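J.: If you scroll down you'll find the structure; I have some questions about it.
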Amino acid sequence: MKIFFQDPRVLIGLIIAHVLLFFSFHDKVIFWYIFAGSILILIAYAMFQEEVDDNVSFIQYIFLGALTGLLLYSIFWVGIRGMKILHLPYDTSLRNLYKWFAPTIFWQYIALVLVAAPGEELFWRGFIQKRLSKMFKPGFSILVASILYASVHIYAGSFLLVLAAFISGFAWGYLYLWKKSMPLVIVSHIIFDLMMFIFLPLH
């Protein structure tokens, strides 16, 4: 709780995120309407609190963003195949996640690329992690930010989604710490989402 007393804006941001994501996941029928609006609110909050870091060139953040997005997707692909080989009970949970929350119509795909991916990075890495890094060592800041990022996904009722959020959050957190470039991390997130939901879904 020390971090919240040191910087109450972190606590306020987390409360807002939890409330918004609770309502987003609450009704699967209107998930994308509520989720897209929620992310826009988080973007506005984050942008009022922190400046956007961009310490690499355009070519670098496009290339490294695409490369790391593909690499992260590959890690998830291997993980799913590993669970299949070990006969772990993941299949129903994975299919339900795609059924309930994957975009299905054009505007939802646009929202995924232009709202969800940038918004999550601006809030969780560009605001939450950046604030935590002012109080803790870099590695610990990434860990805590990743746990907090994963925590808002509990309302989906899927441990698989929470685990996926933690792993991806940690990867993007490290990437953000390494390159100090928000556009790079956003590109990575977009490429990852495109692979997961359009080109090579895991279900």
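J.: With +1 on the Cβ of every Lys and Arg and -1 on the Cβ of every Asp and Glu, and nothing else charged, how large is the dipole of the chain about its Cα centre, in debye rounded to the nearest 20? Don't jump to the answer; show the numbers that get you there.
T.: Working: 14 positive and 10 negative charges, 84 e Å.
With Lys and Arg at +1 and Asp and Glu at -1, about 400 debye.
J.: Hey, what's the Cα Rg ratio for the chain versus the globular rule of thumb, 2.2 N^0.38 Å?
T.: Details: Rg = 16.3 Å, N = 203, 2.2 N^0.38 = 16.6 Å.
Taking the Cα Rg and dividing by 2.2 N^0.38 Å, one obtains 0.99.
J.: For the range 1-88, how big is the tail of P(r) above 22 Å, as a whole percent of Cα pairs? Intermediate values should be presented prior to the final figure.
T.: On the way: 2325 of 3828 pairs.
Percent of Cα pairs beyond 22 Å in the range 1-88: 61.
J.: Here's a follow-up. Which one, ALA46, MET195, GLN129, is farthest towards the positive end of the dipole of the range 2-199 when Lys and Arg carry +1 and Asp and Glu -1 on their Cβ?
T.: Going by the Cα projections, it comes out as GLN129.
J.: Right, another one. State which stretch of the chain is the longest one without any exposed trypsin sites (Lys or Arg not before Pro), exposure meaning a DSSP loop state and at most 14 other Cβ atoms within 10 Å.
T.: On the way: sites that count: LYS134, LYS180.
With trypsin sites (Lys or Arg not before Pro) excluded where exposed in loops, the chain gives 1-133 as its longest stretch.
J.: If you don't mind, there's one more thing I want to ask. Rg to Rh ratio, the range 63-139, alpha-carbon atoms and Kirkwood radius? Spell out each step's value before the answer.
T.: Working: Rg = 16.5 Å, Rh = 15.5 Å.
Across the range 63-139, the Cα-based Rg/Rh ratio is 1.06.
J.: Okay, moving on. Please find, in a Gaussian network model of the chain (springs between Cα atoms separated by less than 10 Å), the residue of LEU97, LEU21, LEU88 whose mean-square fluctuation is greatest.
T.: LEU88
J.: Order of ASP193, ASP54, ASP27 from fewest to most other C-beta atoms within 10 Å?
T.: Going from least to most buried by this count: ASP27, ASP54, ASP193.
J.: Something else about it: Identify all lysines with a Cα-Cα distance to LYS84 below 26 Å; exclude those on the same chain that are fewer than 8 residues away in sequence.
T.: Qualifying lysines at Cα under 26 Å: LYS99.
J.: Hey, can you grab everything whose amide H is under 5 Å from the amide H of SER181? Only 5+ residues off in sequence or another chain; H modelled, so Pro and N-termini drop out.
T.: ASN55
J.: Let me ask something else. Out of LEU67, LEU184, ILE85, whose Cα points farthest toward the positive end of the dipole of the chain (charges: +1 Lys, Arg; -1 Asp, Glu; placed on Cβ)?
T.: ILE85
J.: Could you pull out every one of the lysines with an alpha carbon less than 16 Å from that of LYS134, ignoring same-chain neighbours closer than 8 positions?
T.: LYS2, LYS180
J.: Moving on to the next point. Under a Cβ-Cβ cut-off of 11 Å, what is the net charge of the residues other than VAL56 that fall near it, where Lys and Arg count +1 and Asp and Glu count -1? Before the final figure, lay out the partial values.
T.: Values: positive: LYS179, LYS180; negative: ASP53, ASP54.
In short, 0.
J.: Could you tell me how far the Cα centroid of the range 154-203 sits from the Cα centroid of the range 82-127, in Å?
T.: Taking the Cα centre of the range 154-203 as reference, the centre of the range 82-127 is 8 Å away.
Taken together, the values in this text are just the output of simple stated rules run on the coordinates, not laboratory data. Since the structure is predicted, the reported quantities are computational estimates derived from the model, not experimental observations. Quick reminder, even Gly has a Cβ in these numbers, built from the backbone with ideal geometry, and neighbours come from all protein chains shown.
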